[in-house]
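J.: The structure is given below, and queries will be raised subsequently.
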Amino acid sequence: MSAPLLSVRKLRVEFATRKGPLVALDDVSFDIARGEVLGVVGESGAGKSLTGLAIMGLIDPPGRIVSGEILLDGERIDHLSEDRMRLIRGPRIAMIFQDPLTSLDPLFTVGDQLVETIRAHQPLSAQAARQKAIGLLGEVGIPAPEQRVDSWPHEFSGGMRQRVVIALAMCAEPELIVADEPTTALDVSVQAQIIRLLKRLARERGLSVMLVTHDMGVIAETADRVAVMYAGRVVETGPVREVVHAALHPYAQGLMAAIPTLETRAVRLAQIPGSMPRLAPRTRPYCAFHTRCDKRFEPCSSIAPPVTRMGGREVACWLHEPVPAGAAR
Amino acid sequence: MLAFILRRLGSAAIVLIFVGVLAFILFRYVGDPVNQMVGIDTSIADRDRLRESLGLNDSVIVQALRFLGHAAMFDFGVSYQFKRPVAELLIERMPATLELSLISALLSLVIGIPMGVASALGKDRWYAKLLQAVSLAGISLPTFLIGILFIYLFSVTLRWFPSFGRGDTVKLGTYWTTGLLTSSGLRALILPAMTLALFQMTLIMRLVRSEMLEVLRSDHIRFARARGLPARSINFRHALKNSLVPVITVAGLQLGSVIAFATITETVFQWPGMGLLFLQSVQNVDVPIMAAYLLFVAAMFVAINLVVDILYLAVDPRLKTTSKAH
Ligand SMILES: Nc1ncnc2c1ncn2[C@@H]1O[C@H](COP(=O)(O)OP(=O)(O)O)[C@@H](O)[C@H]1O
Ligand SMILES: [Mg+2]
């Protein structure tokens, strides 16, 4: 396998608070290959959005990356100046957010926003940029793009606005799109269309996608590989078929058990009793999931499980790791 | 658009009629008009004759309608103290007040908005903190105190600017006298205009600052950053425009209150405007002037509100479609 397009290594993000730092991401590692769709799942607050923002260099104070690396095509991008990062955002990596209703500037037409974005990255005339904008709107499935290009954002429905958002993300022809729950705010009826659009763009343009979602069904259908996050850590990664059918981590097993069938699409994540722990001021000296885990044993509550590689899969769980002698109390 | 303006004009008329009734009550029942107009030695018979000729013996409704009818024709009666038509007095004083107020409003926008932007973008820098501290002083010091401090500093001590009056004025057309075209007029304007502007300026600065900080946190700004737009465009094209939408309302209402509250500044600087006239008329219970001034201020606010609504329509495309749909 060639070098991954994106590689996140041991990423740690903290928030400075009045009572000291809180660890929001701890030891997060994963790769995305060219043309690959990586699904990212985990319950709300697990750190999925933060991971996406970290890749974009968009974590605002009081949050910051304390350690770890983010590599794009083998080059570190986690410590670049704002000016250099601007050359990455758009032409290399683009990000789309959960709520298409608030993602567009209400005071500018869709065309203005597209043209501005295109010209921020390419030396095109206003006329040429407008033609390109119309082409993009057509490509993402907006009917009559020549007319719609002059519409205001509020004149589009939620699903259409998310298409516009995707067109905006495509303006500078990125290699990777971070899609943070792109369908969560949409009607169930249009969710599938947006996912299909993303899949098509990924296939036609050879895009890589980091697809964050609550919907395990979408992951099962769309992603090549999946990363499961829990309390700021990646607890399991692997090819989607293997993880869906034979998850290694008990939390991932719980999630997969509740994958909705086609008939019960509306059902969201599994109902695992208990809730995720709050952010802690330092690395947890135990497995964050142990309080909810029915397979826990001695080491789980006293040592954090390391990440174990098992073929193409990785898991952080004592069930799959020899317990060091004398560690159990 | 036209329907919208007509609708707003309708409600403006209702507001003005309501204020007109208030002005009438003030006019008719604060003090006795007859006592104000005659000397102590006037006989009771003469008083009664005057009362009859002024129509004060008619029913209240008739009097009120007559008052409103006259007011609609800009006839507010005769000032007790000056024995001249009130409308004439107001028109004479209006240019002074409007020039002072408009220049102050302009100053507060032209200085207040950039200060607000600077203090929002420089969030934790020293100059942003300095601006915040200074603005707190500007908002909490009463206008008359600022005026007196300015006079003490710039007129008495430094002798840069005159401490009172309007300087030389030039006549423009039949009604307008302007101080903006003479150097003594301009010099006389600076201190009162700064005094009057200071409060609004800090208000606008703080408003722009808080709006801008809010907008900078919004989703569409985050998305603009995620698309790699340059900081200049994010801050000054997208964030600033969105921040200014609510500022339009406040700035409009502030212009109204600048005109209404020029009274204090005009008094401190003996500025020959309507506010000074109003205060003199309060001291002398010159009720026709008070009533007319009340109506003038109300009309001012109503007109400004209308302009603000139309401006909104021009700036925010979301409103255009909804008003089209109605
Ligand atoms: N500005 C912030 N200050 C403090 N904590 C934050 C801030 N933003 C996010 N967090 C915390 O970081 C964690 C991860 O958040 P997020 O990445 O948004 O989760 P997800 O997208 O998986 O739902 C959450 O526990 C959240 O409370
Ligand atoms: Mg999220």
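The values are calculated or read from the model by the stated rules, or taken from the named source; none is laboratory data. From a predicted model like this one, the values you see are computed outputs, not experimental measurements. Every residue, glycine among them, receives a Cβ derived from its backbone with ideal geometry; neighbour counts consider all protein chains shown. We work out accessible area using only protein heavy atoms, side chains counted, and drop any ligands, DNA or RNA first. Shrake-Rupley method; radii C 1.70, N 1.55, O 1.52, S 1.80 Å.
J.: Where the centre of each part is set by its Cα atoms, how far does the stretch A:43-112 sit from the stretch B:76-108, in angstrom?
T.: Going from one Cα centre to the other spans 58 Å.
J.: Hey, another quick one. So who's got an amide H within less than 5 Å of the one on A:Val66, skipping anything under 5 residues away but keeping other chains? H placed 1.01 Å off N, in plane.
T.: Amide H to amide H, under 5 Å and 5 or more residues apart or across chains, A:Val66 pairs with A:Arg12, A:Val13, A:Glu14.
J.: Under a 10 Å cutoff between Cα atoms, tell me which one of B:Leu158, B:Leu306, B:Leu181 has the largest fluctuation in the Gaussian network model of chain B.
T.: The residue that fluctuates most here is B:Leu158.
J.: If you fit an axis through the alpha-carbon atoms of helix B:126-140 and take the longest principal axis of the Cα set of chain B, what angle between them do you get, 0 to 90°, nearest 10?
T.: The two axes meet at around 10 degrees.
J.: For a distance above 25 Å, tell me the whole-number percent of Cα pairs in the stretch B:94-276 that qualify.
T.: Counting every Cα pair in the stretch B:94-276, those more than 25 Å apart make up 42 percent.
J.: What does the average come to when, for each residue of peptide B:213-220, you count the partner chain Cβ atoms lying within 10 Å of its Cβ?
T.: Counting Cβ atoms of other protein chains within 10 Å of each residue's Cβ and averaging gives 4.
J.: Compute, for the stretch B:94-276, the length of the dipole vector about the Cα centre, with Cβ point charges of +1 (Lys, Arg) and -1 (Asp, Glu) only. Units Debye, rounded to 20.
T.: In debye, rounded to 20, the stretch B:94-276 gives about 760.
J.: For the stretch B:15-44 and the stretch B:267-316, write down the distance between their C-alpha centroids in whole Å.
T.: 20 Å
J.: Per residue of A:46-57, what is the mean number of Cβ atoms on other protein chains within 10 angstrom of that residue's Cβ? Before the final figure, lay out the partial values.
T.: Working: counts 0, 0, 0, 0, 0, 0, 1, 2, 0, 0, 4, 2.
The per-residue average across the peptide is 1.
J.: In whole angstrom, how far apart do the alpha carbon centroids of the stretch B:109-171 and the stretch A:143-199 sit?
T.: 49 Å
J.: For the pairs B:Lys83/B:Lys171; A:Lys10/B:Lys123; A:Lys10/A:Lys199; A:Lys19/B:Lys241; A:Lys48/A:Lys295; A:Lys48/B:Lys241, note any where the Cα-Cα span goes beyond 27 Å.
T.: A:Lys10/B:Lys123; A:Lys10/A:Lys199; A:Lys19/B:Lys241; A:Lys48/B:Lys241
J.: List the trypsin sites (Lys or Arg not before Pro) within the stretch A:1-67 that fall in a DSSP loop (any state other than H, G, I, E or B) and whose Cβ has at most 10 other Cβ atoms within 10 Å.
T.: Sparse-neighbourhood loop trypsin sites (Lys or Arg not before Pro): A:Arg18, A:Lys19.
J.: What are the residues whose amide H is under 5 Å from the amide H of B:Trp176, where those residues sit 5 or more places off or on another chain and H is modelled from the backbone?
T.: The list, which skips near neighbours in sequence, is empty: none.
J.: Over the stretch A:1-132, what is the relative contact order in whole percent, taking alpha-carbon pairs under 8 Å and six or more residues apart?
T.: 24 percent
J.: Looking at the stretch B:126-175, which trypsin sites (Lys or Arg not before Pro) are DSSP coil and have at most 14 other C-beta atoms within 10 Å of their C-beta?
T.: Values: sites: B:Lys129, B:Arg159, B:Arg166, B:Lys171; in loops: B:Arg159, B:Arg166.
For trypsin sites (Lys or Arg not before Pro) across the stretch B:126-175 that sit outside H, G, I, E and B with at most 14 neighbouring Cβ atoms in 10 Å, the list reads B:Arg159.
J.: Towards the positive end of the charge dipole of chain B, with charges on Cβ (+1 Lys, Arg; -1 Asp, Glu), say which of B:Ser281, B:Asn57, B:Gly185 has the farthest Cα.
T.: So the residue furthest toward the plus end is B:Gly185.
J.: On the accessible surface of the protein assembly as shown, probed at 1.4 Å, how many percent belong to carbon and sulfur atoms?
T.: Here it works out to 62 percent.
J.: Which whole number gives the average count of other chain Cβ atoms within 10 Å of the Cβ atoms across peptide A:93-103?
T.: If you average over the peptide's residues, the count of other-chain Cβ atoms is 4.
J.: Quick one: among B:Phe161, B:Phe269, B:Phe278, which has the greatest mean-square fluctuation in a GNM of chain B with alpha-carbon springs under 10 angstrom?
T.: Result: B:Phe161 has the largest fluctuation of those listed.
J.: Separate question: Can you tell me which of A:Arg163, A:Arg233, A:Arg278 moves the most in a GNM of chain A? Springs connect C-alpha atoms under 10 Å apart.
T.: A:Arg278
J.: Kindly rank B:182-188, B:222-228 from highest to lowest mean number of other beta carbons found within 10 Å of each residue.
T.: Going from most to least packed, we get B:222-228, B:182-188.
J.: Hey, what number do you get for chain B at 222 nm if only DSSP H runs of n ≥ 4 count, each worth -39500 (n - 2.57), divided across all residues, to the nearest 500?
T.: Computed ellipticity for chain B at 222 nm equals -24500 deg cm²/dmol.
J.: Here is a follow-up. For the protein assembly as shown, what is the convex hull volume of its Cα atoms per residue in Å³?
T.: 242 Å³
J.: DSSP loop trypsin sites (Lys or Arg not before Pro) in the stretch B:1-85 with at most 15 other Cβ atoms within 10 Å of their Cβ, which ones? Let's see the in-between values first.
T.: Values: sites: B:Arg7, B:Arg8, B:Arg28, B:Arg47, B:Arg49, B:Arg51, B:Arg66, B:Lys83; in loops: B:Lys83.
Passing both the DSSP loop test and the Cβ count: B:Lys83.
J.: So how strong a dipole does the protein assembly as shown carry about its Cα centre when Lys and Arg Cβ are +1 and Asp and Glu Cβ are -1, to the nearest 20 debye?
T.: 1020 debye
J.: Please compute the contact order of the stretch B:137-276 in relative form: average sequence separation of alpha-carbon pairs under 8 Å and at least six residues apart, divided by the residue count, as a percent.
T.: 27 percent
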